[in-house]
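S.K.: Okay, here's the structure, questions in a sec.
FYI, it's all coordinate maths here, none of it is from the lab. Owing to the predicted nature of the structure, the values given are computational and were not obtained by experimental measurement. All Cβ positions, glycine included, derive from the backbone under ideal geometry; neighbour counts span all protein chains shown.
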Amino acid sequence: MNTLINTKLPEFKAQAYHNADFKTVTNKDLAGKWAIFFFYPADFTFVCPTELVDMAEKYEEFKKMGVEVYSVSTDTHFSHKAWHDTSDSIKKINYPMLADPTGALSRALGVYIEEEGLAYRGTFLVDPDGVIKLSEVQDNGIGRNAEELMRKVKAAQFIRSNPNEVCPAKWKPGAETLKPGLDLVGKI
């Protein structure tokens, strides 16, 4: 299995439901911005709305950090609108909901389940240069935590601004970082 870490986000073009409208989103729209791609199996399901609402509750904070959030499933943009219109939970979503009905983006990022036509729960953080800095994939019965994702985004942004430092386990902004070097070998 090849890793996607430090590779460029592939070119893509997808329809999205966003702010009561349909729009087209491409990889070019991400230029110079941080972005999260939050794949989930399907609209009108069970774990998915809990995760999407968790992200919606953190969306303004992500935006303040300069991060755009894109949820992605293999449903159509029409299905996203219908779900948004009928679910009190999904009505809370203000970020773009990308449609990947052909599975092209899901396949490109390695989360497509061929025999089901669905995506695994994949999370990808893309930096302003279009480079993937975080890649996590988990089984569809396991929900994710937006707060932990936010901590990881803050760490990625910190190390981008401070390339000679690294963030240890459970690091949060303001906490001590490490400066890798010979003097630290065997002392941590």
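S.K.: Given a cut-off of under 8 Å on Cα pairs at least six residues apart, what relative contact order in percent is computed for the chain? Please report the intermediate quantities before stating the final value.
M.R.: Working: 323 pairs, mean separation 46.9, N = 188.
Reported as a whole number, the value is 25 percent.
S.K.: Take the Cα pairs of the stretch 1-103, get the Kirkwood Rh, then feed it into Stokes-Einstein at 37 °C and 0.692 mPa s and tell me D in µm²/s. The partial results should precede the final answer.
M.R.: On the way: Rh = 14.1 Å.
In µm²/s, the coefficient is 233.
S.K.: Where does helix 146-161 land angle-wise versus the long Cα axis of the chain, in degrees 0 to 90, nearest 10?
M.R.: 50
S.K.: Excluding residue 148 itself, calculate the net charge of residues whose Cβ lies under 14 Å from the Cβ of residue 148, where each Lys or Arg counts +1 and each Asp or Glu counts -1.
M.R.: Value of the local net charge: +2.
S.K.: Run a plain Debye calculation on the chain (Cα atoms as equal point scatterers, no solvent) and give log10 I(q)/I(0) at q = 0.12, 0.13, 0.15, 0.16 Å⁻¹, rounded to two decimals, same order as the q list.
M.R.: For the requested q values the scattering log ratios are -0.58, -0.67, -0.88, -0.99.
S.K.: Using the Cα centre as the reference, give the magnitude of the dipole from point charges on the C-beta atoms of the chain (Lys, Arg: +1; Asp, Glu: -1; all else neutral), rounded to the nearest 20 debye.
M.R.: 680
S.K.: Excluding same-chain residues fewer than 8 positions from residue 23, which aspartates and glutamates have a Cα within less than 18 Å of its Cα?
M.R.: 11, 68, 75, 85, 100
S.K.: Give the lysines reachable from residue 179 as a straight Cα distance under 22 Å; neighbours fewer than 8 places away on the same chain don't count.
M.R.: Here the lysines satisfying the reach criterion relative to residue 179 are 133, 152, 154, 170, 187.
S.K.: Can you compute the helix-only [θ] at 222 nm over the chain? Use -39500 (n - 2.57) per DSSP H run of at least 4 residues, normalise by all residues, nearest 500 deg cm²/dmol.
M.R.: Dividing the helical sum by the residues of the chain leaves -8000 deg cm²/dmol.
S.K.: Now a separate question. For every other residue with a beta carbon closer than 15 angstrom to the beta carbon of residue 31, add +1 if it is Lys or Arg and -1 if Asp or Glu, then tell me the sum.
M.R.: My count for the surroundings of residue 31 gives -1.
S.K.: How large is ³J(HN,Hα) for each residue in the stretch 162-169, as worked out from phi by the Karplus curve 6.51 cos²θ - 1.76 cosθ + 1.60 (θ = phi - 60°), to whole Hz, x for Gly and Pro?
M.R.: Along the stretch 162-169, the couplings run 10, x, 9, 10, 9, 9, x, 3 Hz.
S.K.: Further question on the same structure: If you line up the long axis of helix 77-86 against the longest principal axis of the chain, both from Cα atoms, how many degrees apart are they, to the nearest 10?
M.R.: 80
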